[in-house]
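These notes are about the structure you will find just below.
The values are calculated or read from the model by the stated rules, or taken from the named source; none is laboratory data. Here the structure is a predicted model, which means the values were calculated and not measured. Here the Cβ positions follow ideal geometry from the backbone for every residue, glycine too, while neighbour counts run over all protein chains shown.
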Amino acid sequence: MRSSQDEGVVAKLNLLGLDRQGLIAYFAALGEKPFRAGQVLQWVHQKAVTDYQLMTNISQALRDQLQEDTRIHLPELVFDATSSDGTRKWLLQLDDGNRIETVYIPETDRGTLCVSSQVGCALDCSFCSTGRRGFNRNLTAAEIIAQVWLATRLIDEEKKPGRKVTNIVLMGMGEPLLNFDNVVAAVRIMMDDFAYGLSKRRVTISTAGVVPAIDRLGDILDMRLAVSLHAPDDKLRDSLVPLNRKYPIAELMAACRRFISKQNTRSRITFEYVLLDGVNDSDQHARKLVKLVKGIPTLVNLIPFNPFPDSGYKTSPKQSVERFNRILFDAGITTVVRRTRGEDIDAACGQLIGRIEDRSRRYRRFEQPRIGMQT
Ligand code: SAH
C-alpha cells in the first residue's frame, strides 16, 4: 500500500473540524494544557482568524508548531445567490471537486442556517431531488463546520440589522446520522461557547430514521431532533422513504420515545411531513398520524412539496393542507405549516443538488446528467 507521503502529498490536519475534545487531545500530545483548545476555538470560529501568526495569546513556538502540523482550510465559494424573499444560498466546491449547498433562511425573529452533511444522499427518498442525484461520500467535520464559518462571515458582511445565524438545522444535502462522528464533532463546535455558542434548542439534526444512531445520539448529546416521517403507515412509508424497510415505523417511534426520555430539559421531537397531493394528505392519514405520535411531545412540521422535473408528485392544494392541519390541531398537536422559501434560487427543501460525482449509479436510472447546477 502506498502512503500519501509516497505521492508527495501530506494532507495536513484541518484544525477547523476539531471540537474541544479533539483540540485537547492534539495539544496534550504536544505537552500543552487543555485551555489552549478554547483559545484556538475562539481565534478560528469567533474571530475568524485563519493565520496562526495572528494568534497573539499563543507563544511563537506553538504558533510555528501549529503551522507546521496543521492548516485551517475552507472550501471554495463558487456561487452565491440571494432570493427575492431574502433567502441566501451558497454553492461550495470541495477539494475533490464535489459541490455542496448551504442555505440561510431569514425569519422575523431568527436566522436559520441549513447545513449539508454528505455529498449527495444514499437514502433515495422518492420525493427528494438530492437523493435522485446519487451519493458520493460523507463530509468531514471540517467541511460541515466550514459552512457555518463561511455563512456567519458572509451574513455579517451584509451589515444588515437582524441578519444573523441564530439557529442551525442539519437539513441540507445528506443523512446526518449516517455520518455520525463528523456530524457530532461539528455540532459540538456549533454549541461550544468558545465557538458559535448556540444553545441546545437552536441546533437540530434531521433524520429519515436511522434507529441505532438516534439511540447513540440521545446518549451523548442534548439537542433537538427532527424526524422525516412523511407517512403514518409502513406500506406507504416504505414507498416514500426506503429506509423504512430497515427501520419500520414502530421501531422509529420507540427510538423517539427513548430519545426524549434521555434529554435533560423538556423538549419535543419535530416530525416533518411533506404533503403530496393524493398520496399522504387525506383525512385518514392525518388521523393515523395523530394516533402514532400519541404520548410523544410533538411538533409537526407540514411541508409543502417542492416540485422538481419528473418527480411524479404534486403539491397538495391549500385546502388539503388546511384540513390536514385542522385534524392535528383539533387533536391538540402543535403544528407549523412551513412556508416555502428561496424557490426562485432552488434553495427550498429537497431542491439542493450541488454537484455530486455519483458513486451509487442511481443517477442513471432517472435522467441524463446535466452538468452542475444552474449558475
Ligand atoms: N436526510 C435528512 C435531512 C435532509 S432532508 C432527513 O431526511 O431528514 C430535509 C427535509 O426536506 C426532510 O424532511 C425531507 O424529507 C424534506 N424534503 C426532501 N425533498 C423535499 C421536497 N421535494 N419538497 C419538500 N420537502 C422535501
**OP:** Kindly list the number of the only condition in (1) within 15 Å of the ligand (Cβ to nearest atom); (2) of a type in the set (A, V, I, L, M, F, W, C); (3) at pLDDT 95 or above that fails for CYS128.
**Re:** (3)
**OP:** Could you figure out which of (1) within 17 Å of GLU357 (Cβ to Cβ); (2) at pLDDT 95 or above; (3) within 16 Å of the ligand (Cβ to nearest atom) isn't true of GLN93?
**Re:** (3)
Subject >> Where GLU272 falls short, out of the listed (1) part of a helix (DSSP H, G or I); (2) closer than 29 Å to ARG339 by Cα; (3) within 18 Å of the chain's Cα centre (by Cα) >> reply: (1)
Original post:
Of the residues that sit in the range 101-116 and are touching a strand residue (DSSP E or B) at 6+ places or on another chain (Cβ under 6 Å) and in a loop (DSSP other than H, G, I, E, B), which one is nearest to GLU157 (Cα to Cα)?
Top reply: ARG110
Original post:
Restricting the search to the range 63-82, which residues are aliphatic (A, V, I, L, M), crowded, with 17+ Cβ neighbours inside 10 Å and at pLDDT 95 or above?
Top reply: LEU66, ILE72, LEU74
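When you check SER316 against the structure, is it more than 13 Å from the ligand (Cβ to nearest atom), modelled with pLDDT of 95 or more, surrounded by 14 or more Cβ atoms within 10 Å (Cβ to Cβ) and farther than 24 Å from ALA185 by Cα, yes or no?
no
Let's see how each residue does on (1) in the same structural domain as GLY354 (by TED's automatic domain parsing); (2) in contact with a Gly (Cβ under 6 Å, 6 or more places away or on another chain); (3) surrounded by fewer than 19 Cβ atoms within 10 Å (Cβ to Cβ):
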residue: HIS45; (1), (2), (3): no, no, no
residue: GLN60; (1), (2), (3): no, no, yes
residue: SER84; (1), (2), (3): yes, no, yes
residue: THR87; (1), (2), (3): yes, yes, no
residue: LEU94; (1), (2), (3): yes, no, no
residue: ILE100; (1), (2), (3): yes, yes, no
residue: TYR104; (1), (2), (3): yes, no, no
residue: ASP109; (1), (2), (3): yes, no, yes
residue: GLY120; (1), (2), (3): yes, yes, no
**OP:** Starting from the range 195-210, keep only residues that are assigned by TED's automatic domain parsing to the domain that holds VAL274 and in contact (Cβ under 8 Å) with a residue 60 or more places away in the chain, then list their pairs with residues that are within 16 Å of the ligand (Cβ to nearest atom) and of a type in the set (Ser, Thr, Tyr) whose Cβ atoms are within a distance under 6 Å, requiring at least 6 positions of separation or different chains.
**Re:** ALA208/SER228
